[in-house]
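For reference, the structure discussed in these notes is given below.
The values are calculated or read from the model by the stated rules, or taken from the named source; none is laboratory data. These numbers were taken from a predicted model, which means no experiment stands behind them. FYI the Cβ positions are ideal-geometry reconstructions off the backbone, even for glycines, and counts take in every protein chain you see. Remember, those area values only see protein heavy atoms, side chains included, never the ligands or the DNA or RNA. Shrake-Rupley method; radii C 1.70, N 1.55, O 1.52, S 1.80 Å.
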Amino acid sequence: MNHNKNNGFSTETQLSQLGRDPSKQMGFVNGPVYRGSTVVYPTLDDLDHRRSTFTYGTAGTPTIRDLETAWTTLTGGAGTVLSPSGLGSVALALLTTLKAGDHLLMPDSVYSPSRTFCDQFLKRMNVETTYYDPMIGENIRSLIKNNTTVLFLESPGSQTFEVQDIPALTKIAKEHNIATIIDNTWATPLFFDAHKHGCDLSIEAGTKYLGGHSDLLLGMISANEKWWKPLRATYDLFAMLPGAEDCFLALRGLRTLHIRLKEAEQRALGIAKWLQTQPEVAKVLHPALPDCSGHEIWKRDFTGSSGLFSIILKPEIERSKLANMLDHMQLFSMGFSWGGFESLITPFDCRSYRTATVWNPNGLALRLQIGLEGVEDLKADLRAGFDRLHQ
């Protein structure tokens, strides 16, 4: 059986098969971890003609190739490259598609470190960045310049959860020969098919749901046929490959990705709906809820939702009370990642860095990552935390 092709199987079955081949692994179910820098050649002729699958460690290893191959099949792209982090993949995708003097369109809701990369590194490269309202839709036309070469997308936004009209935006981009890049970490390829919806490059922070256990850092970029060779060429110039152990852990996480993601979806939806009934909560920002911005687009384009969403507290709750709530949580920890087995809760405020839109929620904002703990236990932990807001 070929374990690196789709073969028409369901996603769940593919995840159990992709990126491994027992016939080449002495019968073992999982491939070994290949660590190495030097590749040796049996003859001078082989050396002269680089007659080897891998010429040097920076060109990859069988462990890296297994993950690349699996992710390419899963995303439907023409090829995949890996990097040591999600942000590394954002940088690599942008450096593949931009050059000095170009103009970049970036959503105002974008992941904050991506914004910093644009405002600092790309600015030094003489790349101009314009931030746009993520809900702009077809009005994006008004922001396109003669030197606009890249339209960046992040849907939903990883703090405020606006859902973008990706098909409309990518259609306009193609009309102007503009490359489209999406950060698809929230939905993963399981819940949003980025290439099918017109995106040229799709980024995933494998740190999150692919890893699933908060013990690795990893980024992936899949590219369509047009952008695959330029992406690979840029990747080879930087030799930005991740560690072998991280790739091995990601392949292990791949096997249970569907089960964990579906479980996170159900648990998060249950808690999100419960939070709508709590007197301290003014609004729940979750794309699968009808009153969330962009819900209709989410329902049209997505096949599911993950475990990350935000809430806005009632305006009468003061910031000085927040520590009493968060410092004493029993199950929810405070941390900046998500996608792991553990639940997290973190306050945020976008007002200092939004430039194209005004973030004015009229209340304190908290982002929640729902893990795999018992739902009733998590509700009790949150309820006790809300009670402490009144002490």
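Brief remarks follow.
- Qualifying positions in segment 187-199 - open to solvent by less than 10 Å² (accessible area, probe 1.4 Å), in a loop (DSSP other than H, G, I, E, B) and not aliphatic (A, V, I, L, M): Phe192, Cys199
- Among (1) within 23 Å of Ser214 (Cβ to Cβ); (2) touching an Asp or Glu at 6+ places or on another chain (Cβ under 9 Å); (3) crowded, with 21+ Cβ neighbours inside 10 Å - the single one Met329 does not satisfy: (3)
- In this structure, Leu249 does not satisfy being outside any helix (DSSP H, G or I) and buried (at least 18 other Cβ atoms within 10 Å of the Cβ).
- Residue within segment 165-175 that is of a type in the set (S, T, N, Q) and touching a Lys or Arg at 6+ places or on another chain (Cβ under 9 Å) present: no
- Residue that is nearest to the chain's Cα centre (by Cα), among those in segment 6-25 that are of a type outside the set (D, E, K, R) and within 24 Å of Tyr56 (Cα to Cα): Gly19
- Where a residue in segment 139-164 is more than 30 Å from Leu366 (Cα to Cα) and without any contact (Cβ under 8 Å) to a residue 12 or more places away in the chain and its partner, wherever it lies, is open to solvent by 10 Å² or more (accessible area, probe 1.4 Å) and outside any loop (DSSP other than H, G, I, E, B), with Cβ under 7 Å and at least six apart: none
- Residues (open to solvent by less than 50 Å² (accessible area, probe 1.4 Å), within 23 Å of Phe192 (Cα to Cα) and assigned to a helix (DSSP H, G or I)) located in segment 221-245: Trp227, Leu231
- One residue from Val375, Val358 being surrounded by fewer than 18 Cβ atoms within 10 Å (Cβ to Cβ), free of Cβ contacts under 8 Å to residues at least 12 places away in the same chain and among the β-branched types (Val, Ile, Thr): Val358
- Of the residues making up segment 142-179, those that are touching a His at 6+ places or on another chain (Cβ under 7 Å) and part of a helix (DSSP H, G or I) are Ile166, Pro167, Thr170.
- Restricting Leu275, Leu254, Leu218 to residues that are crowded, with 18+ Cβ neighbours inside 10 Å, touching a Pro at 6+ places or on another chain (Cβ under 7 Å) and either among the hydroxyl-bearing types (Ser, Thr, Tyr) or over 22 Å from Thr180 (Cβ atoms) (or both) narrows the list to Leu218.
- Qualifying residues in segment 12-69 (those that are in a helix (DSSP H, G or I) and polar (S, T, N, Q)) - the one surrounded by the most Cβ atoms within 10 Å (Cβ to Cβ): Thr63
Residues checked against (1) in a loop (DSSP other than H, G, I, E, B); (2) more than 22 Å from Arg351 (Cα to Cα); (3) over 19 Å from the mean Cα position of the chain (by Cα):
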{"site": "Trp71", "(1), (2), (3)": "no, yes, no"}
{"site": "Val90", "(1), (2), (3)": "no, yes, no"}
{"site": "Pro113", "(1), (2), (3)": "no, no, no"}
{"site": "Thr116", "(1), (2), (3)": "no, no, no"}
{"site": "Gln120", "(1), (2), (3)": "no, no, yes"}
{"site": "Asn126", "(1), (2), (3)": "yes, yes, yes"}
{"site": "Thr130", "(1), (2), (3)": "no, no, yes"}
{"site": "Ile140", "(1), (2), (3)": "no, yes, yes"}
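- Segment 22-52, residues that are under 20 Å from Thr73 (Cα atoms) and free of Cβ contacts under 8 Å to residues at least 40 places away in the same chain: Pro22, Ser23, Lys24, Val29
- Residue under evaluation Phe161, criteria (1) more than 15 Å from Asp301 (Cβ to Cβ); (2) in contact with a Cys (Cβ under 8 Å, 6 or more places away or on another chain), criterion not met: (1)
- Flag if Ser114 is open to solvent by 10 Å² or more (accessible area, probe 1.4 Å), under 28 Å from Arg300 (Cβ atoms) and touching a residue at least 60 places away in the same chain (Cβ under 8 Å): no
- Any chance Thr188 is in contact with a helix residue (DSSP H, G or I) (Cβ under 9 Å, 6 or more places away or on another chain), closer than 18 Å to Thr72 by Cβ, in contact (Cβ under 8 Å) with a residue 60 or more places away in the chain and among the polar types (S, T, N, Q): yes
- Positions within segment 92-111 being of a type outside the set (Asp, Glu) and either in a loop (DSSP other than H, G, I, E, B) or open to solvent by 10 Å² or more (accessible area, probe 1.4 Å) (or both), in sequence order: Leu95, Thr96, Thr97, Leu98, Lys99, Ala100, Gly101, Ser109, Val110, Tyr111
- Scanning segment 257-272 for residues that are of a type in the set (A, V, I, L, M) and open to solvent by less than 60 Å² (accessible area, probe 1.4 Å) yields Leu257, Leu261, Ala264, Ala268, Leu269, Ile271, Ala272.
- Ser202 falls short on exactly one of the conditions (1) touching a residue at least 60 places away in the same chain (Cβ under 8 Å); (2) surrounded by fewer than 24 Cβ atoms within 10 Å (Cβ to Cβ); (3) not charged (D, E, K, R), and that condition is (2).
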